[in-house]
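Comments concern the structure below.
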Amino acid sequence: MGMNLPIPLPERKAEVFVVLIEPEIQGNVGAVARSMRNFGFDNLRLISKSGYEFEDEALARSKHAKIVLENAEIFPDWDSCMKDISIVVGSSGKREMGERIAFRHFVMPNEVAQRIHNVEGKVALVFGREGVGILTEELQMCDILVTIPTWEGYPILNLSHAVTILLYEMHMALISEELGSQEGLPRTTRDTRVLNPELRRMIHTLSGELAQVVDVQEHKRPGIAETLKRVLMRSMPLDDEAHRILGVMKQSRDALKEKHSEEE
């Protein structure tokens, strides 16, 4: 009971990486590895400035998924970890309430699973520290934000539980596609979605630059940049689509800069 069966992991278009930022509890890391193997994932990355050694508690909690820990990659910072990633999905239980949402534009786990299911590229599912989660400046570097709809009276999940729920939805997206293919049902997402990591970085950069030159009050600029970036990344553009979008953004930025220069 509970042993690994000698069958290959599921084939997915996306190469999914679970990324843990500075995990504090060894047992949680082991439980994450077990959940990853439960749903057919094996790419684990950790961001830790001082490095990370898997101790007995992590190995014990991983059960028959020790191979996930053995093959895990350790990175000293965000940039080195995300250098080859096309889509970064950040998870958080800290939500903004009401209609005037300035920063945290969240999607639900099943929605993000459907959106990234057909991505051909590397996707990072990022989870924060057990104590404080993902910091605001880290969330700003994510492309899509996901939150698990817990009860508002006690919304913050244990790290391994949050990973489990998101990976479950990812696995269900795969099962649904297989059933749909068998029964001739239409798919709800487009195939072959991929975004070059450099194009992703350019969308982030140009969103900020465009927000700096539009005619709005200064305090509104960060929210405009975030909204622009979130909307574009949620659409999961293909490379050629991204090039067209970036071209329009560059022309808009340059035209606004020229307009401001003429007015001075």
Condition check: out of contact with any His (no Cβ under 8 Å at 6 or more places or on another chain), part of a loop (DSSP other than H, G, I, E, B), more than 18 Å from A173 (Cα to Cα) and of a type outside the set (S, T, Y). Does E11 satisfy that? no
Specify the residue that is modelled with the lowest pLDDT; the eligible residues are those in region 200-233 that are among the acidic types (D, E) and outside any loop (DSSP other than H, G, I, E, B). E226
Could you say whether any residue in region 19-30 is exposed (fewer than 13 other Cβ atoms within 10 Å of the Cβ) and either in a loop (DSSP other than H, G, I, E, B) or at pLDDT below 95 (or both)? yes
Within region 70-174, strands (runs of 3 or more DSSP E) holding 1 or more residues that are crowded, with 17+ Cβ neighbours inside 10 Å and β-branched (V, I, T): 87-91, 122-127, 144-146
The one condition D79 fails out of (1) of a type in the set (D, E, K, R); (2) farther than 26 Å from P237 by Cα; (3) free of Cβ contacts under 8 Å to residues at least 60 places away in the same chain is (2)
Checked against (1) assigned to a helix (DSSP H, G or I); (2) modelled with pLDDT under 85; (3) in contact with a Ser or Thr (Cβ under 7 Å, 6 or more places away or on another chain), L195 satisfies every condition except (1)
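Table: residues versus (1) in contact (Cβ under 8 Å) with a residue 12 or more places away in the chain; (2) in contact with a strand residue (DSSP E or B) (Cβ under 7 Å, 6 or more places away or on another chain).
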| position | (1), (2) |
| --- | --- |
| Q217 | no, no |
| T227 | yes, no |
| L238 | yes, yes |
| E241 | no, no |
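The values are calculated or read from the model by the stated rules, or taken from the named source; none is laboratory data. Since we're looking at a predicted model, the values are computed, not measured. Here Cβ is always computed from backbone atoms with ideal geometry, including for glycine, and neighbour counts include all displayed protein chains.
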